[in-house]
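Below is one structure; the comments refer to it alone.
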Amino acid sequence: MRKLFRRNYAVLGFLVALLSGCSSWHHVAIVSHGADLGNESSDSPPPSAGPDSSVSVPKPEAPPPIVSQPTISENPPLKMGSGITAQSADDSLLPWKLEDVFFDYDQYSIERETVPTLMQNAQVLLKRYPTREVLIEGHCDERGTEEYNLVLGERRAMAVKNYLVDLGVTASSIRVLSLGKHEPFCLQSTLRCFQQNRRAHFVLK
């Protein structure tokens with residue numbers, strides 16, 4: 001009897017332990033489900049389902065179209081004038097008139113601005129009047145003494161003659177004459193007139 005009681009007691013204890021274990025496992029499962037339910041009711045956003053559920057980012061604005069600006073030529077086209085026709089291969093473009101050459105106040109040196117005029121005059125003498133003689137008159141404005149202006153006028157005429165000779169004009173076909181301030185081109189006592197009177201004038205013979 002005692003052995004049978006002990007055996008039954010042992011079986012009973014095993015069943016109690018087994019039932020206790022199942023109860024503990026069931027309790028753990030309930031707690032676990034309750035925790036899952038609590039997470040679903042929280043304010044945290046649901047997990048992302050994939051790339052399509054991501055927040056769209058606005059695309060950057062497209063740059064404005066490039067508008068081409070008109071190009072400005074750094075070297076404007078040359079105009080026909082002194083120095084241009086003198087170098088032309090077509091002699092028909094050469095003028096028939098010799099242009100005056102002007103000087104700065106109290107100066108007789110050839111300025112850069114007068115070089116195109118002298119080049120053109122040299123071509124006119126060589127192409128239009130190869131057998132003619134030319135007289136170069138040296139003029140001054142009214143300021144200064146008569147003697148000083150006569151010397152200055154002669155130096156201006158000689159400077160022009162020497163330049164023409166360097167360009168190929170025959171020296172024997174050129175004569176010089178200083179008129180000083182005796183035959184002014186402009187008769188007013190202004191700086192503008194003074195500038196016009198300081199010149200070398202050409203006379204064909």
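Each reported figure results from applying straightforward, stated rules to the coordinates on display, with no laboratory input. Keep in mind the model is a prediction, meaning the values are calculated, not measured. A quick note on method: Cβ atoms are made from the backbone with ideal geometry, for glycine too, and the neighbour counts reach across all protein chains shown.
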Among 106-116, 193-203, how do they line up by average Cβ neighbours within 10 Å per residue, starting with the highest? 193-203, 106-116
What's the exposure ranking of C140, C186, going from fewest to most Cβ atoms within 10 Å? C186, C140
Measure of size requested: the Rg and Dmax of region 95-204, with Cα atoms as the atom set and Å as the unit; please supply both. 13.4, 39
For a label point 7 Å along the Cα-to-beta-carbon line of D91, residues of region 125-167 with backbone N under 17 Å: 125-133
Taking H placed 1.01 Å from N in the peptide plane, check which residues at least 5 places from E133 or on another chain put their amide H under 5 Å from its amide H. K205
Over region 95-204, calculate the relative contact order: mean separation of alpha carbon pairs under 8 Å at least 6 apart, over the residue count, as a percent. 39
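Would you mind ranking Y105, Y163 so that the residue whose beta carbon has the fewest other beta carbons within 10 Å leads the list?
Details: Y105 12, Y163 19.
Exposure proxy ranking, most exposed first: Y105, Y163.
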Which FRET efficiency value, to the nearest 0.05, do you get for T145 and D166 by plugging their Cβ-Cβ distance into 1/(1 + (r/R0)^6) with R0 = 25 Å? 0.20
